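For reference, the structure discussed in these notes is given below.
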């Protein structure tokens, strides 16, 4: 079982996904107190260290103590995301470079880095990629949509998976071959355990639709959750009149992020909404982790007669229904 350290762990979406895929998470690192509180409330078998990863040398010292085989993490994306200012000079983008320096300093066998899709063209990522390549990591780079990876949500994320002394593109086929043939809808994911057919999700501007059906994936779950405002003018793309519906609850948003029903979110409602919106969907992380796990088994046990995993056997990724949904 490979040992995993989760950097910029947030509330634990990546950690839980990797645990579900059979990896052993041995430590997590997160700076923001509300996210640390959520992580500690749900992961009791390993510590979460409250550290500033901009201090790369101290981070390397602390992480090495746990002897991770894999380092995973999602450096803060506000300076890349469509919800942010898209300005790398704001400072958070430099943490992408810090992630790369920490990986190289710890030199695990593998790493997994995720971010918003637009980060792939950033100067920060180009710098990070150069760091990885000079340290002899082969990389696979893919933008994955969570709706094709087991989460009922349209959420495109950029994944970089690295392997020490391997060729670039080593995981390309595995990441593509397991994708579902169509996006997962809320109705398909929740089945009968859902008591509404349409819901409101506040748009960034009224030029965009705001009412969605459960017969489609949810739009990206963001860090804010607002009720239907008085005087909402409506949009031609809305699937129902806004006056007859409501916004999603905090608990429903967490379930759409594919956290289990018993996952705890201590703290204020505002902080909980932010932790949920910032998270990597658990099923998306699990998809990537399972693809990597299959690759590792094939590399370390070539010609083994051991039964292949569910993810290898299926050409199309078939979603497990959440037992708590």
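The values are calculated or read from the model by the stated rules, or taken from the named source; none is laboratory data. Just so you know, these numbers come straight off a predicted model, no measurement behind them. Neighbour counts are summed over all protein chains in view; Cβ atoms, including those assigned to glycine, are modelled from backbone coordinates with ideal geometry.
I want to confirm something. Restricting to the range 104-121 and keeping residues that are outside any helix (DSSP H, G or I) and in contact with a strand residue (DSSP E or B) (Cβ under 6 Å, 6 or more places away or on another chain), which single residue is surrounded by the fewest Cβ atoms within 10 Å (Cβ to Cβ)? Outline the logic, then answer.
Narrowing the range 104-121 to residues outside any helix (DSSP H, G or I): 107-116.
Then drop every residue that is not in contact with a strand residue (DSSP E or B) (Cβ under 6 Å, 6 or more places away or on another chain), which leaves 108-115.
On the way: 108: 24, 109: 18, 110: 22, 111: 27, 112: 25, 113: 27, 114: 23, 115: 27.
So, considering only residues that are outside any helix (DSSP H, G or I) and in contact with a strand residue (DSSP E or B) (Cβ under 6 Å, 6 or more places away or on another chain), the one surrounded by the fewest Cβ atoms within 10 Å (Cβ to Cβ) is 109.
Quick test of your reading of the structure: residue 80 fulfils all but one of (1) crowded, with 23+ Cβ neighbours inside 10 Å; (2) in contact with a helix residue (DSSP H, G or I) (Cβ under 7 Å, 6 or more places away or on another chain); (3) part of a loop (DSSP other than H, G, I, E, B); (4) modelled with pLDDT of 95 or more. Name the failing condition by number.
The one condition residue 80 does not meet is (4).
Which residues, counting only those in the range 2-11, are in contact with a strand residue (DSSP E or B) (Cβ under 6 Å, 6 or more places away or on another chain) and either in a helix (DSSP H, G or I) or crowded, with 24+ Cβ neighbours inside 10 Å (or both)?
Matches in the range 2-11: 4, 5, 6, 7, 8, 9.
Which numbered condition trips up residue 162, out of (1) touching a helix residue (DSSP H, G or I) at 6+ places or on another chain (Cβ under 9 Å); (2) assigned to a loop (DSSP other than H, G, I, E, B); (3) modelled with pLDDT of 95 or more?
Every listed condition holds for residue 162 apart from (2).
The rows are residues; the columns are (1) within 19 Å of the chain's Cα centre (by Cα); (2) closer than 29 Å to residue 271 by Cβ.
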{"site": "158", "(1), (2)": "yes, yes"}
{"site": "168", "(1), (2)": "no, no"}
{"site": "183", "(1), (2)": "yes, no"}
{"site": "189", "(1), (2)": "yes, yes"}
{"site": "200", "(1), (2)": "no, yes"}
{"site": "207", "(1), (2)": "no, no"}
{"site": "219", "(1), (2)": "yes, yes"}
{"site": "243", "(1), (2)": "no, no"}
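Mind checking which residues of the range 52-64 are part of a loop (DSSP other than H, G, I, E, B) and either free of Cβ contacts under 8 Å to residues at least 12 places away in the same chain or surrounded by 16 or more Cβ atoms within 10 Å (Cβ to Cβ) (or both)? Reasoning before the result, please.
Residues of the range 52-64 that are part of a loop (DSSP other than H, G, I, E, B), as a first pass: 52-55.
Within the range 52-64, 53, 55 meet the criteria.
Condition test on residue 197, is it touching a strand residue (DSSP E or B) at 6+ places or on another chain (Cβ under 8 Å) and in contact (Cβ under 8 Å) with a residue 60 or more places away in the chain?
Numbers: touching a strand residue (DSSP E or B) at 6+ places or on another chain (Cβ under 8 Å): yes; in contact (Cβ under 8 Å) with a residue 60 or more places away in the chain: no.
When the stated conditions are applied, residue 197 does not pass them.
Could you list all residues from the range 12-42 that are in contact with a helix residue (DSSP H, G or I) (Cβ under 8 Å, 6 or more places away or on another chain), outside any helix (DSSP H, G or I) and surrounded by fewer than 20 Cβ atoms within 10 Å (Cβ to Cβ)?
22
From 190, 212, grab the single residue that is surrounded by 16 or more Cβ atoms within 10 Å (Cβ to Cβ), touching a residue at least 60 places away in the same chain (Cβ under 8 Å) and within 21 Å of residue 276 (Cβ to Cβ). Quick ask: steps written out before the conclusion?
Numbers: 212 fails: touching a residue at least 60 places away in the same chain (Cβ under 8 Å).
None of the other options fit; the residue is 190.
Could you tell me which residue of the range 221-235 is nearest to residue 276 (Cα to Cα), considering only residues that are without any contact (Cβ under 8 Å) to a residue 40 or more places away in the chain and under 26 Å from the mean Cα position of the chain (by Cα)? Walk me through it before giving the result.
Pass one, the range 221-235, residues without any contact (Cβ under 8 Å) to a residue 40 or more places away in the chain: 226-235.
Still in the running and under 26 Å from the mean Cα position of the chain (by Cα): 226-227.
Working: 226: 14, 227: 17 Å.
Out of the qualifying residues, it is 226.
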